[in-house]
Amino acid sequence: MLTNGNPIILQDMRWNKFGNGYTWVFPNLALIFILVVIIGQIVLSKTLFGTYLYSIGGNEEA
């Protein structure tokens, strides 16, 4: 392990504002989550890669 179990403490306070901050009335992390979900949905529904992921499915007998 790189840190031998010790926590990594960031000295730059911009990361603290990024993780604990708000944009308008929404937490920044919630906005990032929504953005990732929207991008993931676009990738799955509009690209060939997404079509391949859907076609793999979960039923091995089909």
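Rundown of residues vs (1) of a type outside the set (A, V, I, L, M); (2) assigned to a helix (DSSP H, G or I); (3) in contact with a helix residue (DSSP H, G or I) (Cβ under 8 Å, 6 or more places away or on another chain); (4) exposed (fewer than 11 other Cβ atoms within 10 Å of the Cβ), yes/no style:
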| site | (1), (2), (3), (4) |
| --- | --- |
| LEU2 | no, no, no, yes |
| LEU29 | no, yes, yes, no |
| ILE32 | no, yes, no, no |
| SER45 | yes, yes, no, yes |
| GLU61 | yes, no, no, yes |
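Here GLY57 meets the list (1) surrounded by fewer than 10 Cβ atoms within 10 Å (Cβ to Cβ); (2) in contact with a strand residue (DSSP E or B) (Cβ under 8 Å, 6 or more places away or on another chain); (3) not hydroxyl-bearing (Ser, Thr, Tyr) almost entirely, failing just condition (2). Only residues that are among the hydrophobic types (A, V, I, L, M, F, W, C), touching a helix residue (DSSP H, G or I) at 6+ places or on another chain (Cβ under 8 Å) and assigned to a loop (DSSP other than H, G, I, E, B) were counted in the range 4-27, giving 1.
Read-outs throughout are calculated quantities, based only on the coordinates presented, and are distinct from any laboratory measurement. These figures come from a predicted structure and were not determined experimentally. Glycine also receives a Cβ, built like all others from the backbone with ideal geometry; neighbour counts cover every protein chain displayed.
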